[in-house]
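Worksheet: one structure, shown below.
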Amino acid sequence: MQNRIKDQLGRTTVLPSWPFRIISLVPSETELLVDLGLEEYLVGITKFCVHPGHLKKTKTIVGGTKKVSYDKIAKLEPNIILCNKEENTKEIVQTLEKKYAVHVSEVNNIKNALHLIRQYGTMFNCADKSATLVSGIEREQKSFLSFIENKPKKRVLYFIWQKPWMLAGKGTFIDHLLQLNGFINMSPEKPRYPSIDNDLLNKTKVDLALLSSEPFPFKEQHINAIENTGMEGKGLLVDGEYFSWYGSRLLLAFEYFKSLH
């Protein structure tokens, strides 16, 4: 009888057998797999899987996170495909699970992220490495929370796109990390990634407008564009990977957060 595991949506997924043939459709999970020592078993990635940098030269790119080549995937003969509820479409998951074992993650906070890392330890026989990584992240988080304890809270908006201006809203993983930083997310309650026009920005008072490096690559000139809307607050470029990648990058994220303060 095949061993099975429930993914983070509660779906039952068949555990892969060795040798693993893994396709990752999630950039942060691709980086995590490599850091867990699983690079040799990774056969397919997306064009957005940019860490580590050499992977695009050694692995097959099967598409992006919203559109993939099912023919390329079939040729790779995977025995597990890793997806994420937010980054990949429902259509992709439903199409792939007709032929393959598909594991779907859902990460809205650090607890979910650490659970995913532990799951990969179970799924891919690397429990010791995953436990070490989890302990390291927990240690860094504890140090950061001590550092941030008496810092004044700041009102922020976190920008992820330009035309139109779009924000990371409430209930997202980014929002969770903003809260850990002692930031008050002034984004509207809904939707998860709301757009905001210049008129509303003109009426908004924040301490910081955080301009992320991804998915839109904000640069220095965009700080002026934001500030010229009449919004009350200072623009600041931030590394979006530390706010939105929920795998092994969390091990480095808290030192980066310290630098922001």
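General remarks:
- Counting DSSP beta bridges with both ends in the chain, the antiparallel % (nearest 5): 25
- Of N84, N228, N185, the one that fluctuates the most in a GNM where the chain has Cα springs shorter than 10 Å: N228
- 222 nm mean residue ellipticity, helices alone, for the chain (DSSP H n ≥ 4; -39,500 (n - 2.57); rounded to 500): -11000 deg cm²/dmol
- Interchain or long-range residues, amide H under 5 Å from D207's placed H: R155, V156
- Over all directions, the projected convex hull of the C-alpha atoms in the range 4-106 averages 5.8 nm² in area.
- For the range 140-261, the antiparallel share of DSSP beta bridges with both residues in that region comes to about 20%.
- Average Cα contact separation per residue, the range 4-106, under 8 Å, 6 or more apart, as relative contact order %: 32
- Within-15-Å neighbourhood charge of I226 [Cβ basis; K, R +1; D, E -1]: 0
- For the range 182-250, the spread of Cα positions along each principal axis, largest first, Å: 39, 28, 22
- Over the chain, the fraction of Cα-Cα pairs per 10 Å bin, rounded to whole percents and listed from the shortest bin up, is 7, 29, 32, 22, 9, 1, 0.
- Shape call, the range 1-54: gyration tensor on alpha carbons, a/c limit 1.5: prolate
- Extending 7 Å from Cα along the Cβ direction at K72 and again at R155 yields two label points whose distance is 4.5 nm.
- P(r), alpha carbons of the range 113-261 - 5 Å bins starting at zero, rounded %: 2, 10, 18, 20, 18, 13, 9, 6, 3, 2, 0
- Distance between modelled label sites at E255 and Y41, nm, 7 Å Cα→Cβ extension: 2.8
- Each of G53, Y100, P16 was placed along the dipole of the range 6-138 (beta-carbon charges, centred on the mean Cα), and the one lying farthest toward the positive end is Y100.
- About the Cα centre, charge dipole magnitude for the chain (Lys/Arg +1, Asp/Glu -1 at Cβ), debye: 420
- Distant-in-sequence amide contacts of W161, defined by a placed amide H-H separation under 5 Å and a gap of 5 or more residues or a different chain, comprise M166.
Just so you know, all these numbers are worked out from the coordinates, no wet-lab data involved. For clarity, every value in this text was computed on a predicted model and none was experimentally measured. For neighbour counting, all protein chains shown are included, and Cβ atoms are generated from backbone atoms with ideal geometry for every residue, glycine included.
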